[in-house]
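Asker: My questions all concern the structure below.
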């Protein structure tokens, strides 16, 4: 991860470079990164990016039920089927495309999504 920032669209912030797009396999390991939370004065928040059905999604790495990180080992966000993101602490299951909890104690709540895109073979997130 480079952590390099470039100007965002129409002055909306900056793009944070996360990783090479090829690093994210569909339903495979995610990439962790620190997201500078402007609402908290730029204090870095743990976040991650994953690929699901060919698209890249990024979220704060914080369960909607209890504010703990989801991955059981660095980058391990998907369940065994590769279909759902899962919280290692208590098994809450999230849809990768929406971040909505579909199973577990936080059913109906959602992960906090980050605006991300693939650009020139890189994954980047708007800060």
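Asker: Taking 0.36 nm per intervening residue step and subtracting the Cα-Cα distance, what contour gain separates residue 120 from residue 55 on full extension?
Answerer: Residue separation times 0.36 nm, minus the Cα-Cα distance, leaves 21.9 nm.
Asker: Sticking with this one: Would you mind getting me the FRET efficiency between residue 88 and residue 109? Use the beta-carbon distance for r and R0 = 22 Å, nearest 0.05.
Answerer: 0.80
Asker: Now for a separate question. Based on the Cα gyration tensor of the stretch 58-127, what are the three equivalent ellipsoid semi-axes, each the root of five times an eigenvalue, rounded to whole Å and given largest first?
Answerer: Over the Cα atoms of the stretch 58-127, the semi-axes work out to 21, 13, 11 Å.
Asker: Which values, in whole Å and largest first, are the semi-axes of the equivalent ellipsoid of the chain obtained as the square root of 5 times each eigenvalue of the Cα gyration tensor?
Answerer: 23, 17, 12
Asker: List the relative contact order of the chain as a percent without decimals, with contacts defined as Cα pairs under 8 Å and 6+ residues apart.
Answerer: Here the relative contact order equals 25 percent.
Asker: What distance in nm separates the two pseudo spin-label positions at residue 22 and residue 43, each 7 Å out from Cα along the beta-carbon direction?
Answerer: 3.9 nm
FYI, it's all coordinate maths here, none of it is from the lab. The shown structure was predicted, so the numbers you read here are calculated from the model rather than taken from an experiment. Here Cβ is always computed from backbone atoms with ideal geometry, including for glycine, and neighbour counts include all displayed protein chains.
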